[in-house]
Structures are given as structure tokens and as C-alpha cells.
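J.: Please see the structure below; I have some questions.
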Amino acid sequence: MRTAVAIFPGSNCDRDMAVAIKKITGKSPLKLWHKDTEAPNLDLIVIPGGFSFGDYLRCGALAARSPIIKNIKNHVSRGGALLGVCNGFQILIEANILPGSLVRNKKLLFTCRETTLEVQDSIQSPFLSSFNTGDCLNIPVAHNEGNYIANNELLKELENNGRIAFKYKKSSEIETDYNPNGSLNDIAGILSKNGRVLGMMPHPERSINSLYGGTDGLKFLTKSIEQIVG
Amino acid sequence: MQKRNLELRDINENEYIAQQESNLDQALGMGLSKDEFELICNKINKIPNQTELGIFSAMFSEHCSYKSSKKWLKTLPTKAKHVIQGPGENAGVIDIGNDQAAVFKIESHNHPSFIEPYQGSATGVGGILRDVFTMGARPIALLNALRFGSINHPLTKHLVSGVVKGIGGYGNCIGIPTVGGETNFNKSYDGNILVNAMAVGLAQKDKIFYSAATGAGNPVIYVGAKTGRDGIHGATMASAEFTESSSEKRPTVQVGDPFTGKLLLEACLELMQTDVVLSIQDMGAAGLTSSSVEMASKGGLGMHLNLDLVPIREEGMTSYEIMLSESQERMLMILKPGSEEAAKLIFNKWDLDFANIGEVTNTGRLVLDKNGFEACNIPINPLVEDAPEYDRPYEILQNKKIIKSDDFQSNQTLNNILIKMFESPNIASKKWIWEQYDSSVMGDTILCNGKSDAAIVKIHGTETKKSLGKGIAMTTDCTPRYVKSDPIIGGMQAVCEAARNIAASGAKPLAITNNLNFGNPEKINVMGEIVGSIKGISQAASTFNTPIVSGNVSLYNETNGQGILPTPVIGMVGIIDEVESCLGISAGNNNTLIILGQKQNFTEGWLGCSLYQEIIIDDFDGAPPPIDLKTEKQIIETIMTLNNNKLLTGAHDISDGGLLIAICEMLFENRLGLNVNLPKALMSSNSKDHLLHSWCFGEDQNRIIISTNESDKVVSLLKENLIDYYILGTTNTSSNLNLNELDTISIKNLYNINETTIPSLMDTYKS
Amino acid sequence: MKVEVNISLKEGVLDPEGQAIDNTLRNLGYNNFDNIRTGKQIILNIDETDENEVLKQADKMCQELLVNIVIENYQINIIKDK
């Protein structure tokens, strides 16, 4: 299993993701530096969270124009699996690998808290095929610009073609604030047309231990990696 | 260097002016006194030019020289077996076992945060992080102690919003979790808010970097962001009271860039993996001045710098401006000669400026060249060693009036008081604040913010087969109204509460960093508050063997003569050997709650200086609750013993608001209920009875509530060790707090009030 | 030549920041406005003397990086020194 984590100036969650991957596979992932123009063949590339280039201009805008992105796009067109978490999701959108936009949280505040994700009825994808529609995962978020928006046309295309991976869900009847950022239709993550690219705002790498953070993130990453290798 | 006299045609006009002789008026304008100006002229045997004068004014400012407090800071206990580095360096260093060290410090950014709350607090966070990683430690956690004015004051919400955004803006971007702290509101801070930022980092014990310059001829290297005109005279602003014209000082506030901060952190830590860094210091208050002077002074050496080589981002900067600029995200280093090129590669990789700007000398002088002329040539000693140290007159005022429960005429039921307490922003949940901070980045946060009394962060890489590893516990504490009433007791209490919080989370208290925030030390009672609280802190710190290893003093927190409540914040760090044994505040169902440190027959609680008193009379009065250091130590050792024997499910210390508030906070998460055992003497009280109120809301010290599933074993251990205890009762799912069925106290209702108080005050978003 | 790029949100894209500013202005007593939209401005010197070439260069930069074409509009002005 050949995995790599892409690192940009300002990426923060690369170590966290590497720790999670090592826990699952027994091996640390390769590091791809933003200035690299070449990379070996890989099964899975993860673009981790953080504040690449300080979030300047727009979140992920500058990172999406880095030399390494060309390589990542080639990996995708070869059918490689690609996971973008939080800032990683923002970078995938800015790089036009995934459609739509991620804008400021509706309440205009950074938010760090637990969320409940509901697996949606989606196309075949190594990231979700081990789950059933309606399965729930408790995974934390921490972001300022996680509000996914799309025009009607795009929204229809995503919904009709099973490209919505997760939606934020109420964890109890009395909960009103279950969507942390006001995203359209509570969208928390979306898939590419071939299901092998997933962009998600929540941080699975922060949920890998029963003592703190829970283990739903570990479950998700483990099953994803099993499917990618398998 | 050109030896002929400088003429206007030689250099730009502003630099020419900077190199002209100064005068007394200019000295006074820079915050120096007449005596200080004369002292300077005598010490250097000439009248300083303006650049030289600027350098002196920065180094002699209260913020840099600690002239009003130094004499008393020297009396703090700073040594212990586990202390590797005490006060005097960029941060304190303690041994935490496994060949590792914890590096930590707390620092204030009060005045800039009042003027520009976002940037003021953001740069406060940036600065404290640099103080930690300059020692070779990767920062692993941030905490902050915030004090704002009355919630109804017109500026308060704007300040709260800006400060919280600024702390989050910097900490989140640089990727270090903000895991704890405290936020209080009081009208004494209306014109002077307090923003104290604390950072904790981890380093290898034998790879700590210090700031003393070494080796005449060694290169002096500048790295980081370019220098601009930010914050010139920021140090002198921090040392002066605010007046009407303070809003004109807006352009002098520094602007931080957390992205560059992150690059600088990574580049420095990468360079420190090699052996070429001989000494290093960050450029904080008074920028290049304080770093070059302090590094040279500590090494007993001098420096010769060429200011034309300093990377600048503005045109035509003078020697004065370059030396006093407080542009952020810059470090000064002394490297092994010959290593400059290799070091430069690392900084270029991270897109940071790297400039060789001069060398260490053995002249003991600071010599600065600009545009081919000597802009500064002064001896270093008078700047640091000979900086003034004042012995200001003081009077420690101690309020000895004991407030009795029947001094009150509240006519309020228990339920009403509880509602009022949770409607007070001082008690209510601060979730609105901490959700704006990323508390789980770096993947090691075990407990944080409202979940436990102290934050616990795992020490990366200490996992073993049977444990996730060791953890660092940290907290900040202070009860300013106690300090105002009696500075000595107030100082003691801050340390005691911090130690209780560390112990209640399952950790052992180790050491302190303190941020002493006070008003104008030239006032005899304010100086008394400083001296008194230092005395109290010393006594308590000695009792717990938690020496002070670093800290900061912020004085002149006054506006138009109105000063803040004396606020000596204690930042304490502790160690937990196995993070699995950490304790949160929430009780489980069917757990027994027991108060450690409370006698069976205790009935009259201490209401003097309590939040209960503040709710009833909108003010505080009387002596604060007394402190018995011996008992405090006992209680802390007891809870550690109980936890080592795995007898506890949770723990929460009793502080602001007293017993009933602490009980509610333990019941909230699971919306539990409790039938409270009342002492016999209170069994026939009615809900408005003041003696009962004093038992419920008194702020008597040295008490921690524990929750347990093994109450028999707990009680047996307590009896064996002669520890006072009181069994409150066993939790249930009724969600009602029942004291002899006097009131219907709905925990669900109080929980909702607790959760919504601050959001309803602060949320501007209307859906 | 100095160039100013004004970037704004496309009509119909949610602007929560604009909304928040709207609320606060009304709370301060202003009621004589509507439709607040926030945006940003980028100013730069382009090393060209021909105006058409300058506009062309600036436009390319907008298309490639400065503007999020999906949700933003832009407008380029040449700043003439007075």
C-alpha cells in the first residue's frame, strides 16, 4: 500500500494524518512537498487540513496552483484514490478536481466541535463501499470556511448521481445546531464522478482513539484503505 | 567608518536627524524620566543621539526592564530539582522525565489588545509561541487568561469578539491547539482589558537553546519577516497609562502574520536539529534592540551590526526605526562560523529572509552602522545590568472584615440565586469562546476547555504497550477580587486554585509561570498589591514545590487614573504519568459525590468576596476566604492518592460561586440529578435562609468534589489519612437538584441557561 | 502601470458577511440602504506601458488566480497618476 500526504507551507494536519495512516498500515506515508514536480506511483494521496499559504487570497487558492498539483491530477486520471480533508477539500475545489465552492461559515465564526455524519446513498467508492446508507460517524470539524455551496444545476447533478458522500445529521431530537457551517443541504463531503476522489470538511484523523475523539475516524480510514488496496 | 562629521548631504534627512544629539524633552517624550536621562548621559559619557536614546528608552521601559517589580520578583522561589532553567531566559524549562523537558511561559499584550483587539491578541499569541520555540521546543498547547470590562459597557462585546477572533486567528492558523484558560468580566477592566497568552512546548532535555551570545567574531543572523514601521515604541506604550489621545496610537500596533509564524517555527526547529545554532532569541518587545542587547549582555560581549543589511519592507527606514520596530515573526541568531550557507538553504526553503547583519564582538559595546556612518556606539551594561531598579514605597492593605451570612437580606430562593449565577457571564459556559479555537489540531489533546479543571495534552511519542503515554496538564487561575481585598491571601489563593485544578485532572503540579497585571506602581497601595501578592504566591509556591520559572509583568493598567483589580495570573504546568488516568469534571450516573476538605459539621460558608455577594449587592466586600496551605497540600496529595488507586470517575474543585455551582457543573453533561445530604443544622432551613445560602455558595477554599463508584474504599482511605470529607449523595437520572425538597431546581433548566447566556449576549448573527 | 482589480460576489451567491454588516448598520439607525455586498480589491503595478497590454495581462491574472470565476465577478481599472 503506497500512500502519501501532500504538504504545503502552512499545512497543519499532515502529522496527524501520517500518525493515523501509520496506525492503520504500519507504515508512515511518503511526504509530497508542494514544490515537487515528480512523485512515485501511489495508491492513495491525502491532502491534509491546515492553512496552506495562510488561507491568503482564498482558502486553498494558492496551494491549488503549486507544482505538485499537476502530479496529483495525473494520479487521479490514472484512477488513483485521493482524499482531501478540510483545507485539502478546499484545495481540491480550487484545483477544479471537485466542483462547487466552500465559503465562510454562515455564522462567520471559526467552529471546532463534534459532528455526526450520515453516509449518503452514493456511487461506488472505496471510501464508502464498506458502509451502508444511513450509517453514522461522529467526527470533529475545525474550520472557518466549510460552507459548501453550489448552483441548482450542480446540486441536481450531485444528488442525482450519488456524488454526495456525507451530510451533517442531528444527533438528537432537540439539537438545532447540527450543521456547523450552514452548508447547502447539510453537505459535508462530495465525490468525484468516478467515486475515487473524496473531499470532506470533518477530520477523520482526529478520531482515532477511544480515550479522546472516538474511533469513527479510524473506522472510516481503515475501511477506505482496505478498499483501495483490495 | 567615516570619522569626519556627519553632514546633512551625506545621508537622507531622517537618518541625519536620528544621528543628532538628543535632549531632555525628547527623553521625556519617549517615556524616560529626568533622572533616567541624566543617568544615561553619565553612564555613557556623552549625550546620546536619538537612536541611542530610543534604544535606552525601550530598554528602560517597565516592560523590558521590570524596574518597579524586579526587586520583588527576585524573592520568588525559582529553584527545584526538576527546574532546568528558571526566570531570565525566553521561557522556563522543567524536566518531565524520559529525557524530555517542558518549556513554557505566559505573557501579556494588554495595551495593544485594547487599542486593536484582533491584532493585539493575535500578536500576543505569536510572541509567546516564539518565546517557546526559540528555546528549541515545539509548542504543543496554548492557553489564555482574558479579563474584560462589564458586559454592559459599550466597548466590551467589540473587544471580546476581536480578542477571541485574534487568538483563534493566530493559534488556529499556526496549528497549535488552544486548550484552556479563563475569561472574566468586571467593571474595573472597562478601560483596560487583560490578554495574557500562555504557551507550552516540548523539547529534548539536552537540546535546549539559550540566548547568551558567544564567541567574538561569530556571525549575527537575522531571519524571518522583513522589518517595517510596526509598533515603534510599543514597549513604551505598554508601560504607560491610557489617556484620551490613546486612539492616535493605533498605527503603532503591530500586525501579525501567523502564516509566516508557522514557516519560521518549522524553519527554526529544522535548523535546531543540526548543531550550528549557538544562541537564539526572538525579536519581541523592542524588536532588534532588546534581542541584540540582551544576547550580548548575557554573554558579557558586544555586537557590531550593519543596519543596511537588515531586510526592510518600507523605504527610507532610519536606524532609529529599524532598532525600535516591532515587526513580528523575526529571530536573531548566533551561528557557528562557516555554517551560514547551509543555514540559509533551510530558510530559503521556507521562503523566509536570512541575512548576516553583523558579528559578536568583545568590546562590550553596541555599535550600529547606517549608510556608512556610526548611528550608535554605546556600552551594553548600562542598558541591562545598570538599568534602574526602583524600590517603590508600598502599603499592603488587607481587608479583615468578616462578612457573616446574616449580613445579607437577599430574599431569594436557592433556585433564583442559581439562575442568576448561571446568567452571569462570569459563571456561564464559555463554549461560545472556545469553539472558535481549534483545540484538537496536532492530535494529542485528551481533555480541554470545559471538560476538566486543567487541560491535558498527550506527550507525543511516549506511548508504551500498556499506556497511551504521559501527558502535560495546564491551567491559568486568579481571583482578582480576593487580591484586591487582601493581596497576600489573593496571591496564595491563585496558586492553590491552580494546584487544585491540576490535581483534580489527575496530574501532579510541577511549576509556575506568572503574569502579574497591576495598575500604576507609583501609587502606594498598588505597589502594595504587587508586593503582597508576590509574598502570597511565594508562600504557596514553596508549599507545593512549584517554583516560578518564567513570567511577565504588566503595569500601568489604568485609564484616567482608574486602575484594574490586581490580577496576578498563575499559569501552572503538571505531569500525568498515564493519560488514561485523567479526570474530567462530569459525574456518571449512580456515582457518589464526596467533598474532600469539608468537615461534617461545617455549616457557615464564607460569603465575603464571593460571587454570591456580588449578585446580591453588586459589589464585593470583606476579607477573602482564608487559606490554610497545609490543608491545601493535603487535599492535593489525597486526590492524587485516590486517583492512583483508580477510585475516581471525576473531580471538580470548588471555586467561584461555591459548592452548588460546582455540583451543577458536574451534573450538566449527563443531565443528572442529586439528592443533596444537608448537614443536621440546616435540615430545617427554608430556601431563603442565609445560613443555608452560605453553605451552598460560600467560597471556602481547599475543597475538591470527587465522584466515585467505590465510595466505601474512598471513605476508608480518607478516614485512615484523617482527611475531612463530606458525602453529598449519589447521582440519579431525575435531573433535579434536591436539597430537602425546598425548591424545584431543574438541572436541565440550569444547563440551558448555562449554555445560552454568552451566545445570547454575543451572537450577532440573526438567522 | 498601476492597476486596480475590484472583485465582488456574483449576484445570488450568499454573502453572510454582507448580511451581518446590514444588521449592524440597521441597529445603528441607518435605514436608507439595501443590498450590501462585500468584495475585495487588489492593486498592483504591471510592468507595461501599453494600456491594452496591461488590461490583457491583468485579465489573465484574474482568470488564472486572482478571481474565483465560479462565484466572483471582477472589473479592472487602470489608475492614472494625478
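J.: Kindly evaluate B:Ile512 against the criterion of being outside any strand (DSSP E or B) and at negative phi.
T.: no
J.: Just for region B:394-433: of the residues that are closer than 13 Å to B:Gly657 by Cβ, buried (at least 20 other Cβ atoms within 10 Å of the Cβ) and of a type in the set (Val, Ile, Thr), which one is farthest from the other protein chains (Cβ to nearest Cβ)?
T.: B:Ile417
J.: May I ask you to say which residue of B:Ser121, B:Ser161 is among the polar types (S, T, N, Q), within 25 Å of B:Gly563 (Cα to Cα) and surrounded by fewer than 24 Cβ atoms within 10 Å (Cβ to Cβ)?
T.: Residue meeting the stated conditions: B:Ser161.
J.: Would you confirm whether or not region B:527-544 contains a residue that is part of a strand (DSSP E or B) and of a type outside the set (Lys, Arg)?
T.: no
J.: Same structure again: Which of (1) farther than 30 Å from B:Ile524 by Cβ; (2) over 26 Å from the mean Cα position of the chain (by Cα) is the odd one out, the single condition B:Lys451 does not satisfy?
T.: B:Lys451 satisfies all of (1) farther than 30 Å from B:Ile524 by Cβ; (2) over 26 Å from the mean Cα position of the chain (by Cα) except (2).
J.: Of (1) on the phi < 0 side of the Ramachandran plot; (2) surrounded by fewer than 17 Cβ atoms within 10 Å (Cβ to Cβ); (3) of a type outside the set (Ser, Thr, Tyr), C:Asn35 satisfies all except one. Which?
T.: Evaluating C:Asn35 over (1) on the phi < 0 side of the Ramachandran plot; (2) surrounded by fewer than 17 Cβ atoms within 10 Å (Cβ to Cβ); (3) of a type outside the set (Ser, Thr, Tyr) leaves (1) as the failure.
J.: Related question: Taking strands (runs of 3 or more DSSP E) that do not extend beyond chain C, which have at least 3 residues that are under 14 Å from the mean Cα position of the chain (by Cα) and closer than 26 Å to A:Phe110 by Cβ?
T.: Output list reads C:2-9, C:39-45.
J.: What's the number of the only condition in (1) β-branched (Val, Ile, Thr); (2) more than 14 Å from chain B (Cβ to nearest Cβ); (3) more than 13 Å from the chain's Cα centre (by Cα) that A:Ile45 fails to meet?
T.: (3)
J.: For region A:169-209, give me each residue that is more than 10 Å from chain B (Cβ to nearest Cβ) and closer than 30 Å to B:Gly471 by Cα.
T.: A:Met201, A:Pro202, A:Pro204
J.: For region C:1-17, name all the residues that are of a type outside the set (D, E, K, R) and within 11 Å of chain A (Cβ to nearest Cβ).
T.: C:Ile7, C:Leu9, C:Gly12, C:Val13, C:Leu14, C:Pro16 - these are the residues of region C:1-17 that are of a type outside the set (D, E, K, R) and within 11 Å of chain A (Cβ to nearest Cβ).
J.: Residues to consider are A:Glu159, A:Glu205; find the one that is assigned to a helix (DSSP H, G or I) and more than 14 Å from the chain's Cα centre (by Cα).
T.: A:Glu159
J.: Report yes if B:Glu315 is closer than 30 Å to B:Glu21 by Cα, among the acidic types (Asp, Glu) and out of contact with any Phe, Trp or Tyr (no Cβ under 6 Å at 6 or more places or on another chain), otherwise no.
T.: Here the answer is yes, as B:Glu315 does meet what is asked.
J.: Which one is nearest to the other protein chains (Cβ to nearest Cβ), of the residues in region B:446-458 that are more than 23 Å from A:Gly10 (Cβ to Cβ) and assigned to a strand (DSSP E or B)?
T.: B:Ile446
J.: Which of the residues belonging to region B:714-745 are touching a strand residue (DSSP E or B) at 6+ places or on another chain (Cβ under 6 Å) and either within 22 Å of B:Ile433 (Cα to Cα) or among the hydroxyl-bearing types (Ser, Thr, Tyr) (or both)?
T.: Listed by number, the residues that qualify are B:Tyr725, B:Tyr726, B:Thr730, B:Thr731, B:Ser734, B:Ser735.
J.: Could you please tell me which pairs satisfy a Cβ distance under 7 Å, a separation of 6+ or placement on different chains, a first residue in region B:343-367 that is away from chain A (no Cβ under 14 Å), and a second residue that is charged (D, E, K, R)?
T.: Qualifying pairs under 7 Å: B:Asp353/B:Lys226; B:Phe354/B:Lys344; B:Asn356/B:Glu340; B:Val367/B:Glu374.
J.: Show me the helices (runs of 4 or more DSSP H) found entirely inside region B:76-179 where at least 3 residues are modelled with pLDDT of 95 or more and within 14 Å of chain A (Cβ to nearest Cβ).
T.: B:117-133, B:156-174
J.: Looking at region A:6-27, which of its residues are out of contact with any Leu (no Cβ under 7 Å at 6 or more places or on another chain), of a type outside the set (Lys, Arg) and either within 13 Å of chain B (Cβ to nearest Cβ) or not in a loop (DSSP other than H, G, I, E, B) (or both)?
T.: A:Phe8, A:Gly10, A:Ser11, A:Asn12, A:Cys13, A:Asp14, A:Asp16, A:Met17, A:Ala18, A:Val19, A:Ile21, A:Thr25
J.: Shifting gears a bit: Would you call B:Ile723 under 34 Å from the mean Cα position of the chain (by Cα) and at pLDDT 95 or above?
T.: When the stated conditions are applied, B:Ile723 passes them.
J.: How about region A:85-105: which of its residues are within 10 Å of chain C (Cβ to nearest Cβ) and assigned to a helix (DSSP H, G or I)?
T.: Result: A:Ile93, A:Glu94.
J.: Let me ask something additional. Please specify each residue of region B:154-189 satisfying the condition of being under 25 Å from B:Ser452 (Cβ atoms) and of a type in the set (D, E, K, R).
T.: Once the filter is applied, which keeps residues that are under 25 Å from B:Ser452 (Cβ atoms) and of a type in the set (D, E, K, R), region B:154-189 yields only B:Glu182.
J.: Which one of these is within 23 Å of A:Gly60 (Cβ to Cβ) and surrounded by fewer than 24 Cβ atoms within 10 Å (Cβ to Cβ): A:Leu155, A:Leu137?
T.: A:Leu155
J.: For A:Ala61, all conditions in the list (1) outside any helix (DSSP H, G or I); (2) of a type outside the set (Val, Ile, Thr); (3) in contact with a Pro (Cβ under 9 Å, 6 or more places away or on another chain); (4) at pLDDT below 95 hold save one; what is the number of the exception?
T.: The number of the failed condition is (3).
J.: Taking the criterion of being surrounded by 24 or more Cβ atoms within 10 Å (Cβ to Cβ) and either under 30 Å from B:Gly461 (Cβ atoms) or touching a residue at least 60 places away in the same chain (Cβ under 8 Å) (or both), would at least one residue in region B:23-40 satisfy it?
T.: Yes; the residues of region B:23-40 include at least one that is surrounded by 24 or more Cβ atoms within 10 Å (Cβ to Cβ) and either under 30 Å from B:Gly461 (Cβ atoms) or touching a residue at least 60 places away in the same chain (Cβ under 8 Å) (or both).
J.: While we're looking at this one, here's another question. State which residue is farthest from the other protein chains (Cβ to nearest Cβ) when the search covers only region C:41-72 and only residues that are exposed (fewer than 15 other Cβ atoms within 10 Å of the Cβ) and under 23 Å from C:Pro16 (Cα atoms).
T.: C:Gln41
J.: OK, next. Out of all the residues in region B:730-760, which are within 14 Å of chain A (Cβ to nearest Cβ) and of a type outside the set (S, T, N, Q)?
T.: B:Lys748, B:Tyr751, B:Glu755, B:Ile758, B:Pro759
J.: Tell me the residue from B:Thr592, B:Thr603, B:Thr567 that is in contact with a Leu (Cβ under 7 Å, 6 or more places away or on another chain) and farther than 19 Å from B:Ala499 by Cα, please.
T.: None of the other options fit; the residue is B:Thr603.
J.: Just the residues that are within 14 Å of chain B (Cβ to nearest Cβ) and surrounded by fewer than 18 Cβ atoms within 10 Å (Cβ to Cβ), please, taken from region A:210-230.
T.: A:Ser210, A:Leu211, A:Thr215
J.: Which pairs do you get when a residue that is more than 7 Å from chain A (Cβ to nearest Cβ), found in region B:434-445, comes within reach of a residue that is β-branched (Val, Ile, Thr) and part of a strand (DSSP E or B), reach meaning Cβ atoms under 8 angstrom, with the pair 6+ apart or on two chains?
T.: From region B:434-445, the pairs are B:Trp434/B:Thr178; B:Asp444/B:Ile140; B:Asp444/B:Val457.
J.: For B:Ile727, all conditions in the list (1) within 14 Å of another protein chain (Cβ to nearest Cβ); (2) closer than 24 Å to B:Leu674 by Cα; (3) surrounded by fewer than 18 Cβ atoms within 10 Å (Cβ to Cβ) hold save one; what is the number of the exception?
T.: Failed condition: (1).
J.: Looking only at region B:698-729, which residues are of a type in the set (D, E, K, R) and assigned to a helix (DSSP H, G or I)?
T.: B:Asp712, B:Lys713, B:Lys719, B:Glu720 - these are the residues of region B:698-729 that are of a type in the set (D, E, K, R) and assigned to a helix (DSSP H, G or I).
The values are calculated or read from the model by the stated rules, or taken from the named source; none is laboratory data. Predicted model only: the values in this text are computed from it and were never measured. Note that we place each Cβ from the backbone using ideal geometry, even for glycine, and neighbour counts take in every protein chain shown.
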